[in-house]
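The values are calculated or read from the model by the stated rules, or taken from the named source; none is laboratory data. Bear in mind that the values here come from a model prediction, so they are computed numbers and not experimental data. Cβ atoms come from the backbone with ideal geometry, glycine included; neighbour counts cover every protein chain shown. Heavy atoms of the whole protein, side chains included, go into the accessibility calculation; ligands, DNA and RNA do not. Shrake-Rupley method; radii C 1.70, N 1.55, O 1.52, S 1.80 Å.
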Amino acid sequence: MSEARNRLGRVTQSIYITSAEGHSGKSTVALGVLDALSRVTPRVGVFRPIARSTAERDYVLEMLLDHDGVDLDYDDCVGVTYDDVRDDADAALGRIVERYKAVEAQCDAVVVIGSDYTDVGSPAELAYNARIAANLGAPVLLVLGGRAQQGQGETLGLSVARTPHEVGQIASLAVAELLHERAEVFAVIVNRADPDELDGVVASVRQVIDTTPVTPIDERRPVPVWALPEDRFLIAPSMRGVLRSVEGELIKGDPELLTREVLGVVVAGMSMVNVLPRLKESAVIVIPADRSEVLLATLLANASGTFPSLAGIVLNGGFELPDPIVRLIDGLGSPLPIIATDLGTYDTAVRIMNTRGRLAADSQRRYDTALAMFERHVDTALLTRELGVARPSVVTPLMFEYGLVDRARTDKRRIVLPEGTDDRVLRAAATVLSRGIADLTILGEPIEVRGRAIELGIDIRDAEVLSPFDAVHVDKFATEYARLRAHKGVTYAQAADTVTDVSYFGTLMVHLGLADGMVSGAAHTTAHTIRPAFEIIKTAPGVSVVSSVFLMALADRVLVYGDCAVIPDPTSEQLADIAVSSAATAEQFGIEPRVAMLSYSTGESGTGADVEKVRTATALVRERAPELLVEGPIQYDAAADAAVAKAKMPGSEVAGRATVFVFPDLNTGNNTYKAVQRSAGAVAIGPVLQGLNKPINDLSRGALVDDIVNTIAITAIQAQGSSK
């Protein structure tokens, strides 16, 4: 197995991903391997020995460099060009090794992506990739294509699945070529295989591997073989890709919908009445720009709900739309993208048919689908273990986030998302469903929510979409809410009006066991999100207040900060509650709780009301949770820095090693978490609400899709704990 030591003395592991032909989906495999390595080691690098183009940046390399956890410059990660190889292959190889070594020195593991067969007539390309791998000392992960290349239109589903026997033949030739150049075969993945023949494909390749000495005699080990099924969404071009291919301009429609995949092409060269029956789901419709009646009919058909939902329209020919037609289109308000190109009908159609999907650049759905499929069909734990990548003692933000996802998956829970009209929530829901993080209920009118998801090109088919005005649920929830609030004089009629509010509706779902937790706040205030929880869910036994923490993921560890979002000026009793709840939250997320009760003085050195409040709270924590390691009052530097702790509080089990930081008031906590987030580059995950009987979590109204995904995972983990 290949290994080298980087400049810090750690062993760097490498893997060389190459294929026997073009269009095998090697980028999907590279993304999956990179993602798997990022889960278990802090610094993962990417290297491209031969750039696919000198005219434009390599989008595959850019995609991998954009992956969280990779921190390298594009120019440093490219070896040579195809021209360099043609001019002097040996000199190019030397340059590749030199540039690779510079990347290797900065990383714990490196994913090397072989060439893409973009050169014309290069039958020796696999052999050259094998030479590179052998000289880099990197074992080869061989990617084989499960479909025969059919040329024009292959991206839109016109390729033919190879039989297991045919895949086995290709494997035999490719493995022989690799071994001839003294490359070590680490594993084989057949990508885009016939979904009905996965076992047969694996068996056929397995037979080749078992009858060929693919590893050195002194390292003889089983070589893993996996197969990934064909998924048309992974190769389908997006509307943005079509826009590039036809050198067009978006003249109407929602730019957000350019991410949608194109699954077919319809050339509308006939009259309106003959075009309409030929419309296809997720197709792009090519319409001559002077056929305005066909354009209008297509827009109306797409909006009607009685025809297939389209990906977009391309107007060809370079004719400008007449002003009355433009006004009509504006009046319709259709979000469907309309692209204008000067190309003729034939050239437009050919370019669309030859547009290839870009895995991450154009579609989050494609990115999520690729990772989910890789995780489902490849044993990533075996892959990283066989590669020799061990889990380090440090925990990076990315590794912590992966840990959240893995924990959530182990015992899936149902989370309700009240804000089904927010695109960020829908995109996050698609990611959560595709990665198997949680089951979801999304609140909103089903036709509107699912229709918007289709427009965005995202898949939420596995989510339950429920109207907050559903009569059966409103009656049930109103009855329960009126019962809970009877002491406040709430009648059934008042309750029936209240529970149609999405925050109340979602909270009642959690209260009645129809969901295990709720995540909201992307489009609502914190008060709107958590007020129903105070009224309905209420606090857990032994807890007097609801508070919050932020999980602060630093470069090498995760700390817990509380309370930074809910209680402005807690009393000593409330501060003690916050400390006990924060310690429990830390433990729930795999962080050993060592609690620092923060103040402006350490130990007995200071006096004053604020210090006494913290001192009293610390005593209450020791009384309520004697097993808990807690220190206070203590200053932040004494709690976090071992050298300062040695001087200010020697012998303390918490000082210098604190993991849970309890701030004396909201002003201090909120400002501190933001200061650490900005100045130290920490990832702040939260706020995570604690102290409730069942988990309800609030989002920032500026939340990104990744923030929502993380919060859903956190809520699912809290739900796992609350059910025990």
Output for the stretch 53-64, where each listed residue is surrounded by fewer than 20 Cβ atoms within 10 Å (Cβ to Cβ) and under 26 Å from the mean Cα position of the chain (by Cα): Arg57, Tyr59, Glu62, Met63
Count - residues of the stretch 562-606 that are in a strand (DSSP E or B) and in contact with a Leu (Cβ under 8 Å, 6 or more places away or on another chain): 3
Residue match in the stretch 193-208 (condition: modelled with pLDDT of 80 or more and touching a Lys or Arg at 6+ places or on another chain (Cβ under 7 Å)): no
Failed item in (1) out of contact with any strand residue (DSSP E or B) (no Cβ under 9 Å at 6 or more places or on another chain); (2) modelled with pLDDT under 90, with Gly94 passing the rest: (2)
Conditions (1) modelled with pLDDT under 90; (2) surrounded by fewer than 23 Cβ atoms within 10 Å (Cβ to Cβ); number of the one not met by Arg260: (2)
Residue within the stretch 83-105 that is touching a Cys at 6+ places or on another chain (Cβ under 8 Å), among the aliphatic types (A, V, I, L, M), open to solvent by less than 70 Å² (accessible area, probe 1.4 Å) and more than 21 Å from Glu386 (Cα to Cα) present: yes
Residue satisfying all of: in the stretch 574-598; open to solvent by less than 20 Å² (accessible area, probe 1.4 Å) and among the polar types (S, T, N, Q); farthest from the chain's Cα centre (by Cα) among these: Ser581
Candidates Lys694, Lys724, filtered to the one that is at pLDDT below 90 and more than 23 Å from Asp556 (Cβ to Cβ): Lys724
Members of the stretch 241-257 that are under 17 Å from Asn316 (Cα atoms), open to solvent by less than 30 Å² (accessible area, probe 1.4 Å) and hydrophobic (A, V, I, L, M, F, W, C): Val242, Val246
Residue under evaluation Thr571, criteria (1) open to solvent by 50 Å² or more (accessible area, probe 1.4 Å); (2) under 26 Å from the mean Cα position of the chain (by Cα); (3) polar (S, T, N, Q), criterion not met: (2)
Matching entry among Arg407, Arg452, Arg413 (being among the charged types (D, E, K, R) and in contact with a Gly (Cβ under 7 Å, 6 or more places away or on another chain)): Arg413
Enumerated strands (runs of 3 or more DSSP E) restricted to the stretch 643-724, each holding at least 3 residues that are farther than 30 Å from Ala463 by Cβ, open to solvent by less than 20 Å² (accessible area, probe 1.4 Å) and touching a strand residue (DSSP E or B) at 6+ places or on another chain (Cβ under 7 Å): 660-662
Top-ranked residue in the stretch 615-642 [being open to solvent by 70 Å² or more (accessible area, probe 1.4 Å) and of a type in the set (Lys, Arg); ranked as farthest from Ser544 (Cα to Cα)]: Arg622
Filter result for Glu401 (open to solvent by less than 40 Å² (accessible area, probe 1.4 Å) and either more than 19 Å from the chain's Cα centre (by Cα) or at pLDDT 80 or above (or both)): yes
Test: Thr491 is free of Cβ contacts under 8 Å to residues at least 12 places away in the same chain and either of a type in the set (S, T, N, Q) or closer than 23 Å to Met239 by Cβ (or both): yes
Qualifying residue in the stretch 576-584 (condition: modelled with pLDDT of 90 or more and on the phi > 0 side of the Ramachandran plot): no
Options Val44, Val11, Val29, Val33; residue that is of a type in the set (Val, Ile, Thr) and modelled with pLDDT under 80: Val11
